[in-house]
Each structure stands twice: as structure tokens, then as C-alpha cells.
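**Q** Got a structure here, written out as C-alpha cells. Questions coming.
The values are calculated or read from the model by the stated rules, or taken from the named source; none is laboratory data. Computed from a predicted model, the values in this text were never measured in an experiment. Cβ atoms come from the backbone with ideal geometry, glycine included; neighbour counts cover every protein chain shown. Only protein heavy atoms, including side chains, enter the accessible area calculation; ligands, DNA and RNA are left aside. Shrake-Rupley method; radii C 1.70, N 1.55, O 1.52, S 1.80 Å.
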Amino acid sequence: MMLPLSIAAAHLRSRRRQTLVSVLGVALGVGVFIAVTGLMGGFQSYFRTQMIDSNPHVTITDEVRQPAAQPLAMLHPRAAVAVARILPRDPVRGIANAGEIMAALAAMPGVAVAPTLRGQMLLRRAGRDYAVNAIGIDPVRESAVTTLSRDMRQGSLEALGSRPDGIVIGLALADKMGAALGDTISVATSAGGESALRVVGIFRTGLEQLDTGQVYVALNRQQSMQARPRVINEIHVKLADISRSREVAALAEGRWGYKAAPWEETFARILEVFVLQNVIIYGSTGSILLVAGFGIFNIISTVVSEKARDIAIMRSIGMPRGSVVATFIVEGIAVGVMGVAAGWLLGGAGASVIETFPAPGSTDGEGGTLMVLQSPATYGLAAGIALLSSVVAAWIPARKAARTDPLVIIRGAT
Amino acid sequence: MTAHDVMDGEVLRAEGLGRVLQGAVPVTLVSGVTLGFRPASFSVITGPSGSGKSSLLYLLGLLDVPSSGEVLVGGAATSGLDDAARTRLRLAVFGFVFQFHFLLPEFSVLDNVMLPMRQLGRLKGVAMRARAMALLDSLGMADQALKKPDALSGGQRQRTAVARALANDPQVVLADEPTGSLDTRNAAAVFAVLAGLAGEGRTVIAVTHDEGLAAMAQRRIHLVDGRVVRDGPVGNAAVRR
Ligand SMILES: Nc1ncnc2c1ncn2[C@@H]1O[C@H](COP(=O)(O)OP(=O)(O)O)[C@@H](O)[C@H]1O
Ligand SMILES: [Mg+2]
């Protein structure tokens with residue numbers, strides 16, 4: 001065995017208890033890092049999958065990002081013309097060439113489309129009103145672009161096809177309204193249409209926003225209730241490969257001019273929250289690892305001052321400065337490696353325990369448990385931070401030890 | 001034995017050696033010391049407490065850097081060497097014994113003796129062990145080889161330190177009051193060992209203020225206030241100037 005290695009081993013062996021405490025410090029840091037970031041990763045990945053699957057990958061709406069060129073600007077192409085607050089000419093225009101767009105998109109490989117009409121609705125039950133987002137869909141085509149049919153808990157989405165007065169609502173909304181499958185709900189729209197719809201399906205996506213605020217009706221029914229016959233204002237696009245969402249959206253927007261939002265844009269706010277969440281979680285759990293580094297700094301500093309004599313004699317016998325530094329860095333790394341190994345076990349065990357806990361929000365009898373995302377990258381990152389802080393924590397006292405003049409100790413001892 | 005065949009030349013030489021501690025009031029530890037040491041010689045440095053004996057030994061052993069003058073090892077100047085080169089020379093050419101034994105408490109007697117060999121890396125494991133055992137045996141320590149330093153008597157610890165000093169077969173053995181913490185019988189035994197080393201061809205330089213022990217050496221160098229005041233054969237100590 002190399003000399004610094006065996007001296008390091010001897011030092012750690014002679015201070016078993018303190019070594020154990022430092023190892024535990026690192027293990028705890030690594031374990032918490034793995035469990036907590038894994039829990040957050042699991043939550044985010046669940047949320048992301050749900051979000052992506054229960055929504056179109058690309059949504060084409062009848063808005064335009066750039067208002068149409070105004071006559072004033074066209075008249076003076078070289079002048080600086082700014083026209084503020086341009087109102088749409090025709091509030092009920094919808095997507096004019098929806099049929100053509102859908103046919104073109106559907107012809108592309110790995111792309112499925114569905115026409116919808118989105119509009120506000122007021123559900124009225126037991127004297128209370130519930131404002132919701134109503135989407136008129138063709139149930140068969142909509143099933144091809146979202147996993148809505150998979151999320152049905154009672155009834156079915158297809159029932160909208162056979163029952164023109166049907167409505168499909170979220171489980172959370174149904175609970176709030178006290179409505180059950182088969183109940184009749186009176187519905188009003190801003191266009192003045194008022195009618196009674198029957199609950200033919202109840203879905204649950206797990207996303208609060210959808211489960212309480214979104215309802216589905218047949219496309220024809222929606223068009224007549226919103227007084228926008230034959231109008232389509234939203235085309236839902238599903239992609240076999242979701243990573244193409246930006247590309248397909250840009251293509252559609254470029255070709256037809258209508259705003260086409262990939263899911264990343266639709267959920268930009270939530271994705272931003274994820275980023276912030278990541279910063280906080282990685283920052284706080286990562287700092288636990290740094291604190292573990294202080295434990296290592298502590299033990300190495302103690303050993304360095306306790307072993308000042310040994311260092312002095314080794315230096316005077318002929319051990320180079322580098323080997324002195326190496327000895328203590330090896331000690332730091334040894335504590336780090338033992339801590340990482342124990343921390344991996346601890347983190348893995350912690351993750352398994354967390355995975356048996358019921359997921360919040362699944363109190364409605366879903367029986368879901370928390371999901372912990374355990375990736376080699378997380379384990380590697382934890383090990384990397386822990387080992388890096390071990391090396392730095394050991395290096396500071398090691399350098400001091402190597403720089404100390406052995407004569408100071410030797411003179412002092414005689 | 002290796003490289004002890006420079007019979008004529010001096011193994012170690014001090015030329016106008018001086019060491020001043022810089023500070024608010026500069027302290028002169030050693031001043032104007034010129035001495036040569038041949039192989040197969042046993043010299044003692046004597047002098048009152050605080051006369052600079054240890055300081056001179058540290059300078060000769062390249063543990064300290066002189067403020068003026070030069071230390072020559074095997075005829076080569078050392079003043080231009082950096083810490084790493086001086087460290088290598090200490091490892092290969094010098095063996096040190098101090099008043100305090102400085103054994104590593106976690107290692108056995110045998111492992112302590114092998115430390116300098118492992119640092120030098122010239123011998124393989126088995127040969128290293130054999131040499132360490134032979135050294136311990138020659139010092140009457142073979143049966144203590146596997147004990148930790150804590151379990152030894154003072155004399156045994158100091159003999160272990162001597163064995164460690166000899167690990168890399170040094171040309172020069174420097175001992176700073178190696179018997180300071182020993183009783184008379186043990187002290188005489190250690191000095192007998194040192195005398196024997198000179199008989200093997202090594203250059204042995206020991207600091208002591210014990211007149212009886214000093215008599216066991218061939219040459220006596222007497223320091224007062226960091227200066228050599230007498231230097232000559234033991235017995236009829238000649239006045240130098
Ligand atoms: N680091 C130091 N700072 C101040 N004075 C010192 C230092 N080291 C040694 N001295 C002084 O230098 C003188 C010589 O010391 P030393 O070489 O140890 O003498 P000796 O070994 O002969 O007793 C003594 O007076 C001692 O007190
Ligand atoms: Mg002294």
C-alpha cells in the first residue's frame with residue numbers, strides 16, 4: 001500500500017468515533033439529496049406526463065400573434081406607423097380554413113388532429129353558478145389527440161356522440177356541485193343560449209385546473225349554444241414524438257398565420273415553477289452536502305493538529321509536502337466515499353419508504369402513492385458534490401499541515 | 001554497504017555557516033561555523049544549553065536553511081536547492097535521531113522502521129521487511145517488532161528510532177541528544193550503537209552534554225554562543241585557535 005494511504009488509514013482507524021460521525025454526516029446529506037430530489041423529480045415527471053397527455057401537444061387557436069397589417073401602414077410602408085389596440089374585425093370568425101389546416105396536418109406522419117370550439121359556460125346547480133371552460137369536441141377525434149378517454153372514471157366520452165345533450169365534467173367539479181352521473185345541469189352561455197345538459201361522463205386527470213374548470217360537450221351542441229354555427233376556434237394536435245412540438249407549431253403558425261402553441265408554451269408558467277422548484281430543492285439539499293463537508297473539515301483539521309508531531313517527523317525523515325497533502329486528502333476522500341456509499345443505501349431506502357406513502361390529492365380513493373424518481377444521474381450528482389466537498393474540506397487543513405515547518409514542532413518537543 | 005567509499009573526501013561540510021532568526025531583535029543561533037566530516041567518524045557536539053548545538057545539527061541535516069555560508073553534501077552545494085530537493089537528500093543521505101523518539105503511535109515498531117524505506121521506494125516489500133528486521137535485531141529489538149511504541153520502554157523506543165534512522169542506509173547519522181530521556185545504562189548502550197555505526201563507515205554526529213558519553217566519540221566540537229570554540233580529538237581536546 002502507498003505510504004500516504006496507510007498513514008491515512010491509520011489516522012482514521014485511531015479515531016473511529018469521529019470518523020463514523022463524519023461518514024454519517026455525508027451519508028445523511030447524500031441520502032436526503034437523493035430522496036428529496038427524487039421525490040420532486042417524481043412529482044414533476046408525473047405532473048408533466050399528465051399535463052402533456054391530457055392536453056394537446058400543439059393547440060392552434062384563432063388568435064394571431066401579429067395583428068393584421070393595417071391600411072395606414074400599408075399605405076406608408078417606409079414610415080414609422082404604430083397602431084395601438086387593434087380590435088379583431090369579426091369576433092366570431094374562428095379558424096377560417098380549419099378543414100384545410102386539419103387535412104394538411106393529418107397528412108403528416110405521426111400527427112393526429114381534432115377540431116374543437118372553446119367557449120365559456122355557466123353551469124347552474126342548486127342555486128349556484130360555476131363558470132367553466134367548455135370545449136365542444138368530436139368525441140372520436142378528440143380521443144385520438146388526448147388521453148381524456150383514459151381518464152374517464154364514470155360514463156364515457158363516446159356518450160357525447162350518441163347523446164347530443166350530454167356533458168362530461170371533472171370529478172372535482174362533480175363533487176363540488178354535488179352532481180352525479182345521469183344528473184341534469186342547467187347551462188347558460190354568454191350568447192344567451194340556455195339549456196339542460198345531462199352528465200354522461202366524469203373524468204379525473206389529477207390536474208386541479210382541468211378537473212374543476214373544464215367540461216366537454218358535443219361540438220354541434222357547443223356551436224349552437226355559443227351561437228357560432230360551424231365555427232372551429234381551436235385545433236388540437238397530437239404528435240407521436242412530443243419533442244417535435246415546437247417544430248410542428250412553428251410550421252403551422254408560419255403556414256397559416258394562426259397562433260400555434262406547443263405544450264411548452266401553454267404550460268410555460270408551470271415549467272417556470274418547476275425550474276424555481278429545482279433551484280430551491282437542489283440548492284437546499286445540496287447545501288446539506290456542503291455542511292457534511294464541514295464535518296470532514298472538522299475531522300481532518302483535528303487530525304492535522306493532533307498529528308503535528310507525526311507530520312513533522314515524516315517531513316524531516318524525507319516525506320515531500322505533496323505526500324503530506326495526499327495523506328489528508330485521502331482521509332477526506334475515504335470519509336467521502338464511505339459516506340456516499342452509505343448515503344446511496346440510505347437514499348434508496350428512503351425513496352422506497354416514501355413510495356409507500358399515499359399521494360396527496362388521491363384522497364378520492366385513487367389509492368395512488370408518491371412517486372420517487374431515482375436516476376443514476378441523481379446518485380452521481382450527489383456523489384460528485386459530496387466527494388468534491390470532501391476534497392476541498394480536506395485540502396484546506398492538508399495544505400496547512402504541509403506548509404508547517406517541521407522544525408517548529410521538533411524544537412518544541414525537545 | 002553503498003557509497004561509503006569516498007574515503008578521502010568529506011561527506012558533509014559546513015562553510016562559514018551562519019543562522020540568524022529575523023525578528024524585532026535578530027537572534028544569532030549559529031555563526032561562522034566551518035567544519036568537515038569524513039566517513040567512518042564519530043563526532044560529538046557539546047556546549048552549554050542554548051549554545052546552538054541543535055541549530056547547527058538542523059543546518060547540517062538540511063532541516064533548516066542557513067542565513068549565510070553553505071552546507072556541502074558529498075561535495076555539492078545545497079544552498080540552491082528547493083524544499084523538494086532538500087527533502088529528497090534528507091531521505092536518502094541522512095538519518096535522524098532526536099531527543100524525543102517521534103515514533104508514529106498507530107504503527108508497530110517494524111512498520112515505523114519501514115516508513116523511510118517505503119517513502120524511498122528502493123526496496124520491495126519482502127526485502128524491506130527483512131532489512132527492518134535485521135536492523136531491529138542488531139539493536140536487540142527483534143522480539144519487540146510487532147509491538148506498538150506505547151508498549152515499549154524509553155530505551156526501546158529510542159533504539160527503534162535509531163533503527164528507523166538507519167532504514168535507508170544513510171551515509172550520515174545525526175543525533176540530537178538521543179539519550180536525553182534515558183537512564184545511564186540505556187544512554188551508554190545507545191552511544192555504543194552510534195559508535196558501532198561509525199565503525200561501519202558512516203559519519204555519525206551526535207549532540208550531548210554528557211561528558212562520559214562524549215568520551216566515547218573520536219572528535220569533540222565545543223560550541224559557545226553559536227561559535228565553535230574547540231574542535232579536536234577526544235581526550236586531548238586541542239584549542240582550535
Ligand atoms: N525559534 C526560535 N526563536 C527564538 N529563539 C530561538 C529559537 N530557536 C532557538 N532559539 C534560541 O537559540 C539559541 C540556540 O538554540 P539551540 O540550537 O536549541 O541550542 P542548544 O541545542 O545548544 O541548547 C537558544 O538560545 C535558543 O533559545
Ligand atoms: Mg538542543
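**Q** Give the residue, chosen from A:E264, A:E331, A:E272, A:E306, that is charged (D, E, K, R) and under 18 Å from A:S390 (Cα atoms).
**A** On the way: A:E264 fails: under 18 Å from A:S390 (Cα atoms); A:E272 fails: under 18 Å from A:S390 (Cα atoms); A:E306 fails: under 18 Å from A:S390 (Cα atoms).
Result of the check over A:E264, A:E331, A:E272, A:E306: A:E331.
**Q** Within 12 Å of chain A (Cβ to nearest Cβ) and among the charged types (D, E, K, R) - does that describe any residue in region B:68-79? Can you show your working first?
**A** As a first pass, look at region B:68-79 and keep what is within 12 Å of chain A (Cβ to nearest Cβ): none.
No; the residues of region B:68-79 include none that is within 12 Å of chain A (Cβ to nearest Cβ) and among the charged types (D, E, K, R).
**Q** Okay, moving on. Return the total of residues in region B:135-183 being among the charged types (D, E, K, R) and within 14 Å of chain A (Cβ to nearest Cβ).
**A** Taking region B:135-183 and keeping what is among the charged types (D, E, K, R), we get B:137, B:143, B:147-148, B:150, B:157, B:159, B:164, B:169, B:176-177, B:183.
In the following step, the residues that additionally are within 14 Å of chain A (Cβ to nearest Cβ) were identified as B:148, B:150, B:157, B:164, B:169, B:176-177.
Adding up the residues that qualify gives 7.
**Q** Name, by its number, the condition in (1) touching a residue at least 40 places away in the same chain (Cβ under 8 Å); (2) of a type outside the set (G, A, S); (3) outside the structural domain of A:V391 (by TED's automatic domain parsing) that does not hold for A:L251.
**A** (1)
Rundown of residues vs (1) touching a Phe, Trp or Tyr at 6+ places or on another chain (Cβ under 8 Å); (2) at pLDDT below 95, yes/no style:
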| position | (1), (2) |
| --- | --- |
| B:G50 | no, yes |
| B:G61 | yes, no |
| B:P66 | no, no |
| B:L72 | no, no |
| B:A76 | no, yes |
| B:G80 | no, yes |
| B:F100 | no, yes |
| B:S108 | no, no |
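**Q** Of all the residues that make up region A:367-414, how many are over 29 Å from A:G31 (Cβ atoms) and away from ligand 2 (no atom under 16 Å from the Cβ)?
**A** In the first step, residues of region A:367-414 are kept if they are over 29 Å from A:G31 (Cβ atoms); the result is A:399-414.
Narrowing further to those that are away from ligand 2 (no atom under 16 Å from the Cβ): A:399-405.
Total meeting the criteria: 7.
Matching residues to (1) at pLDDT below 75; (2) surrounded by 12 or more Cβ atoms within 10 Å (Cβ to Cβ); (3) not basic (K, R):
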{"site": "A:N55", "(1), (2), (3)": "no, yes, yes"}
{"site": "A:D62", "(1), (2), (3)": "no, yes, yes"}
{"site": "A:Q66", "(1), (2), (3)": "yes, no, yes"}
{"site": "A:P88", "(1), (2), (3)": "yes, yes, yes"}
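**Q** Here's another thing I want to ask about it. Check whether at least one residue in region B:145-153 is of a type outside the set (S, T, Y), within 24 Å of B:G47 (Cβ to Cβ) and away from ligand 1 (no atom under 16 Å from the Cβ), and report yes or no. Outline the logic, then answer.
**A** Pass one, region B:145-153, residues of a type outside the set (S, T, Y): B:145-152.
Pick out the ones that are also within 24 Å of B:G47 (Cβ to Cβ) and you get none.
The answer is no; no qualifying residue exists.
**Q** Would region B:36-56 turn up any residue that is within 22 Å of B:V193 (Cα to Cα), within 11 Å of ligand 1 (Cβ to nearest atom), touching a residue at least 60 places away in the same chain (Cβ under 8 Å) and basic (K, R)?
**A** The first filter runs over region B:36-56 and keeps only residues within 22 Å of B:V193 (Cα to Cα), leaving B:37-46, B:53-54.
From what is left, the residues that are within 11 Å of ligand 1 (Cβ to nearest atom) are B:45-46, B:53-54.
From what is left, the residues that are touching a residue at least 60 places away in the same chain (Cβ under 8 Å) are B:45-46, B:53-54.
Filter once more, keeping what is basic (K, R): B:53.
Yes - at least one qualifying residue is present in region B:36-56.
**Q** Can you tell me how many residues within region B:20-35 are within 16 Å of ligand 2 (Cβ to nearest atom) and in contact (Cβ under 8 Å) with a residue 60 or more places away in the chain?
**A** First, pick out the residues of region B:20-35 that are within 16 Å of ligand 2 (Cβ to nearest atom): B:21, B:27-30, B:33.
In the following step, the residues that additionally are in contact (Cβ under 8 Å) with a residue 60 or more places away in the chain were identified as B:28-30, B:33.
The number of residues fulfilling the criteria is 4.
**Q** How many residues, within region A:304-322, are polar (S, T, N, Q) and at the interface with chain B (Cβ under 7 Å from one of its Cβ atoms)?
**A** Initially, region A:304-322 is screened for residues polar (S, T, N, Q), giving A:305, A:316.
Of the ones still in play, those that are also at the interface with chain B (Cβ under 7 Å from one of its Cβ atoms) are A:316.
Summing the residues that are polar (S, T, N, Q) and at the interface with chain B (Cβ under 7 Å from one of its Cβ atoms) in region A:304-322 gives 1.
**Q** Return yes when A:V408 is within 14 Å of chain B (Cβ to nearest Cβ), surrounded by fewer than 22 Cβ atoms within 10 Å (Cβ to Cβ), within 25 Å of A:I299 (Cα to Cα) and out of contact with any helix residue (DSSP H, G or I) (no Cβ under 6 Å at 6 or more places or on another chain) and no when it is not.
**A** Numbers: within 14 Å of chain B (Cβ to nearest Cβ): yes; surrounded by fewer than 22 Cβ atoms within 10 Å (Cβ to Cβ): yes; within 25 Å of A:I299 (Cα to Cα): yes; out of contact with any helix residue (DSSP H, G or I) (no Cβ under 6 Å at 6 or more places or on another chain): yes.
Here the answer is yes, as A:V408 does meet what is asked.
For (1) in contact (Cβ under 8 Å) with a residue 40 or more places away in the chain; (2) in a helix (DSSP H, G or I); (3) closer than 30 Å to A:A349 by Cα, each residue gets a yes or a no:
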position	(1), (2), (3)
A:F33	yes, yes, yes
A:V36	yes, yes, yes
A:S45	yes, yes, yes
A:R85	no, no, no
A:A103	no, yes, no
A:G119	yes, no, no
A:L122	yes, no, no
A:Y130	yes, no, no
A:G136	yes, no, no
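**Q** Here's a check for you: in region B:174-220, which residue that is within 16 Å of ligand 1 (Cβ to nearest atom) and of a type in the set (G, A, S) is farthest from B:V11 (Cα to Cα)? Before you say what the answer is, go through the steps one by one.
**A** Keep residues of region B:174-220 that are within 16 Å of ligand 1 (Cβ to nearest atom), which gives B:174-181, B:205-211, B:213-214, B:220.
Pick out the ones that are also of a type in the set (G, A, S) and you get B:175, B:180-181, B:206, B:214.
On the way: B:A175: 16, B:G180: 27, B:S181: 29, B:A206: 16, B:A214: 22 Å.
Going through the qualifying residues, I end up with B:S181.
Here's the yes/no breakdown for (1) away from ligand 2 (no atom under 16 Å from the Cβ); (2) open to solvent by 10 Å² or more (accessible area, probe 1.4 Å):
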| residue | (1), (2) |
| --- | --- |
| B:V44 | no, no |
| B:S51 | no, no |
| B:D64 | no, yes |
| B:V73 | yes, yes |
| B:F100 | no, yes |
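**Q** Which members of region B:12-27 meet the condition of being open to solvent by less than 50 Å² (accessible area, probe 1.4 Å) and touching a strand residue (DSSP E or B) at 6+ places or on another chain (Cβ under 7 Å)? Even if it seems obvious, please write down each step before you answer.
**A** From region B:12-27, those open to solvent by less than 50 Å² (accessible area, probe 1.4 Å) are B:12, B:14, B:16-20, B:23; that's our starting set.
Within region B:12-27, B:L12, B:A14, B:G16, B:L17, B:G18, B:R19, B:V20 qualify.
**Q** With the requirement that a residue be over 31 Å from the mean Cα position of the chain (by Cα) and surrounded by 15 or more Cβ atoms within 10 Å (Cβ to Cβ), what does region A:119-151 give you? Can you show your working first?
**A** Step one: of region A:119-151, the residues over 31 Å from the mean Cα position of the chain (by Cα) are A:122-129.
Matches in region A:119-151: A:L122, A:L123, A:R124, A:R125.
**Q** For region A:313-335, enumerate the residues that are touching a residue at least 40 places away in the same chain (Cβ under 8 Å) and open to solvent by 20 Å² or more (accessible area, probe 1.4 Å).
**A** Restricting attention to region A:313-335, the residues satisfying the condition of being touching a residue at least 40 places away in the same chain (Cβ under 8 Å) are A:313-316, A:319, A:321-335.
Passing the criteria: A:R321, A:G322, A:S323, A:V325, A:A326, A:I329, A:V330, A:I333, A:A334.
**Q** Out of (1) at pLDDT 90 or above; (2) out of contact with any Pro (no Cβ under 6 Å at 6 or more places or on another chain); (3) within 13 Å of chain B (Cβ to nearest Cβ), the odd one out for A:W344 is which?
**A** Failing condition for A:W344: (3).
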